[in-house]
Amino acid sequence: MKIIGIGWNYPKHNNEMGRNFVPSEPTIFLMPDSALLKGNKPFFVPEFSSDVQYETEVVLCISKLGKCIDEKFAHRYYDQVALGVDFTARDLQNVAKEKGKPWAIAKGFDGSAVLGDFINISELPDRNAINFTLEKNGETVQVGNTKDMLFTFDFLVSYCSRFFTLKTGDLIYTGTPAGVGPVVPGDRLVGKMEGKTMFDFNCK
Ligand code: ZN
């Protein structure tokens, strides 16, 4: 399986990162399967970074094989969503950005792709407007709604499938809203979707 990440998909997050223009195409990056961290296992903050940050994101799980999927049929290729965290070594990413290098080590290190419980998308009140939050040590630090995304789930599935054949079980992390920030050992992160807890784990 592969893990696809989407960058710059929420305008307020783009602004907080100092990007004030609207991208014409999504920013895509890949993470290895070794990045996956499931089952509310602890996240070990890596020693190679002094600025590891959380990014809470809705995750799509691809449910069937597809290539060059038309946007109007894209909804048939995923039926479950999860809430996850795209942990980012911001200091390594900033160096990569300055030097025009790939984000691979800043985004794809071990444990960097936290995956919570899945929910059937048909069980959500509005598949195009999913509310989600992140609490750090009991304080709400991110509040998102997928209606604010620059590129919709269907567009992203269609776009990604132009370049990569999508396979059952592939994951797409659809970008983070504003409010990203650092984690240190001892932090507890709780993610909720429509008020329901989707992950709850500790940083060590
Ligand atoms: Zn992200």
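General observations
- Take the Kirkwood radius over Cα pairs of region 32-101, plug it into Stokes-Einstein at 37 °C and 0.692 mPa s, and you get 219 µm²/s for translational diffusion.
- Shown for region 151-203 is the translational diffusion coefficient from the Stokes-Einstein equation, using the Kirkwood radius over Cα pairs, a temperature of 25 °C and a viscosity of 0.890 mPa s: 174 µm²/s.
- For the chain, the solvent-accessible area with a 1.4 angstrom probe is 46 square angstrom per residue.
- Net charge, residue 13 excluded, C-beta distance under 14 Å - Lys, Arg +1, Asp, Glu -1: -2
- Ligands, DNA and RNA left out, the 1.4 Å accessible surface of region 10-159 is 51% carbon and sulfur atoms.
- Beta bridges per DSSP, both residues in the chain: antiparallel share near 85 percent.
- Over 26 Å apart at the Cα level, from the set 2/41; 41/192; 67/97, are 67/97.
- Each part reduced to its alpha carbon centroid, region 47-77 and region 137-204 end up 9 Å apart.
- Formal net charge of residues neighbouring residue 35 (Cβ-Cβ distance under 12 Å; K, R +1; D, E -1): 0
- Shape summary of the chain, radius of gyration then Dmax from alpha carbon positions: 15.7, 45 Å.
- Virtual spin-label span in nm between residue 101 and residue 202, 7 Å along Cα→Cβ: 3.4 nm
The values are calculated or read from the model by the stated rules, or taken from the named source; none is laboratory data. Remember, predicted model here, so these are calculated numbers, not experimental data. All Cβ positions, glycine included, derive from the backbone under ideal geometry; neighbour counts span all protein chains shown. For the accessible areas, the whole protein counts, side chains as well, though only heavy atoms, and no ligand, DNA or RNA atoms are used. Shrake-Rupley method; radii C 1.70, N 1.55, O 1.52, S 1.80 Å.
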